[in-house]
Amino acid sequence: MQERRDIVRFAPSPNGWLHLGHAYSAIFASETARALGGRFLLRIEDIDIGRCRPEYEQAIYEDLAWLGLEWEHPVRRQSEHFADYEAALKRLRDMGLVYPCFATRKEIADAIEGSGIGHARWPVDPDGAPVYPGLYKDIAPAELNRLMWEGRSYAWRIDMEKALARAEEMNGGPIFFHEDAGGPQGQAGRLPIDPMLFGDVVIARKDVPTSYHLAVTVDDAIQNVTVVTRGQDLFPATYVHRLLQILLGLPEPRYRHHPLVRDETGRRLSKSAKDMGLRELRLAGATPAEVRRLAGI
Ligand code: GLU
């Protein structure tokens with residue numbers, strides 16, 4: 001029998017130029033694959049059709065090749081696979097675990113304002129978004145019909161409480177994931193998930209039939225990824241991904257979250273930090289070895 005090789009991926013979004021943090025993450029993934037004797041994939045996460053641009057995608061290929069990374073071809077581009085995410089969404093819909101949500105940002109803000117709790121004390125999810133206040137969750141079928149006929153756009157949200165109960169039932173008990181490297185507080189080993197922190201998170205956006213959480217979970221399964229490497233900022237997102245894996249009957253990868261690259265002031269690098277752009281460093285004549293040193297690898 002042929003031994004199964006590990007599969008590791010780097011999955012950037014082409015909505016800005018890559019910076020030193022991406023260089024760290026890409027090299028971390030590629031070296032994890034090498035250390036495991038596994039395969040290394042690149043995946044382009046371009047579901048955000050409003051913000052992703054072809055020149056950013058091109059720069060990803062150029063920057064990573066310049067760093068000396070090699071990945072398999074063809075590269076999976078999420079924008080070419082919406083049907084896969086739609087199928088997964090349909091399955092969740094058939095299970096009665098997602099509901100249409102017509103709310104605008106303003107409606108959500110107003111509901112929180114009028115809740116008597118106020119913005120300052122309203123819970124926020126691990127991405128910093130206010131936990132959904134439940135508008136449109138239990139609307140009557142006639143009202144739902146009316147909104148649909150009016151052509152109001154809607155997202156799909158997961159009923160988190162119901163979804164977690166269902167997943168635990170399917171799993172035969174509480175759900176865990178395997179962290180090989182470490183979370184933001186150094187957590188490692190077999191760890192419990194806590195997806196309730198996200199509340200009724202969006203599973204498919206208004207403009208596309210998916211969201212980051214759904215697309216990443218479906219793709220890691222389709223591409224047979226066995227070790228998911230990424231920054232510790234996405235550690236809590238794993239709670240949602242693990243839940244979706246159980247609900248959708250997908251295999252469980254292991255996780256290795258890495259620390260984030262920070263600047264001298266301790267600030268996390270972002271795509272707007274132009275001075276740290278890989279492309280700028282490359283065009284200014286920096287060497288890949290210098291970039292590795294700057295990224296702390
Ligand atoms: N596309 C995501 C990002 O650029 C990363 C996805 C992942 O590694 O899970 O932040």
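The values are calculated or read from the model by the stated rules, or taken from the named source; none is laboratory data. What you are looking at is a predicted structure, and each value in this text was computed from that prediction instead of being measured. All Cβ positions, even for glycine, are placed from backbone atoms using ideal geometry, and neighbour counts span all protein chains on display.
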**Report entry** Every residue from the range 223-253 that is out of contact with any His (no Cβ under 7 Å at 6 or more places or on another chain) and more than 24 Å from Glu31 (Cβ to Cβ)
**Finding:** Pro236, Tyr239, Arg242, Leu243, Gln245, Ile246, Leu247, Leu248, Gly249, Leu250
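Residues are listed down the side, and each one gets a yes or a no for (1) over 22 Å from the mean Cα position of the chain (by Cα); (2) at pLDDT 95 or above; (3) loosely packed, with under 14 Cβ neighbours inside 10 Å:
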{"site": "Cys52", "(1), (2), (3)": "no, yes, no"}
{"site": "Gly68", "(1), (2), (3)": "yes, yes, yes"}
{"site": "His81", "(1), (2), (3)": "no, yes, no"}
{"site": "Asp84", "(1), (2), (3)": "no, yes, no"}
{"site": "Ala87", "(1), (2), (3)": "no, yes, yes"}
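What about Val225, is it modelled with pLDDT of 95 or more, in contact with a helix residue (DSSP H, G or I) (Cβ under 7 Å, 6 or more places away or on another chain) and either buried (at least 21 other Cβ atoms within 10 Å of the Cβ) or polar (S, T, N, Q) (or both)?
Numbers: modelled with pLDDT of 95 or more: yes; in contact with a helix residue (DSSP H, G or I) (Cβ under 7 Å, 6 or more places away or on another chain): no; either buried (at least 21 other Cβ atoms within 10 Å of the Cβ) or polar (S, T, N, Q) (or both): yes.
No: the conditions fail for Val225.
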Query - Hey, Phe235 surrounded by fewer than 23 Cβ atoms within 10 Å (Cβ to Cβ) and under 13 Å from the mean Cα position of the chain (by Cα) or not - result: yes
Query raised in the report: Within the range 1-112, which strands (runs of 3 or more DSSP E) (wholly inside it) include 1 or more residues that are more than 16 Å from the ligand (Cβ to nearest atom), farther than 28 Å from Gly182 by Cβ and in contact (Cβ under 8 Å) with a residue 40 or more places away in the chain?
Result: 98-101
Query raised in the report: Taking the range 176-191 as the region of interest, how many residues are in a loop (DSSP other than H, G, I, E, B) and touching a strand residue (DSSP E or B) at 6+ places or on another chain (Cβ under 7 Å)?
Result: 6
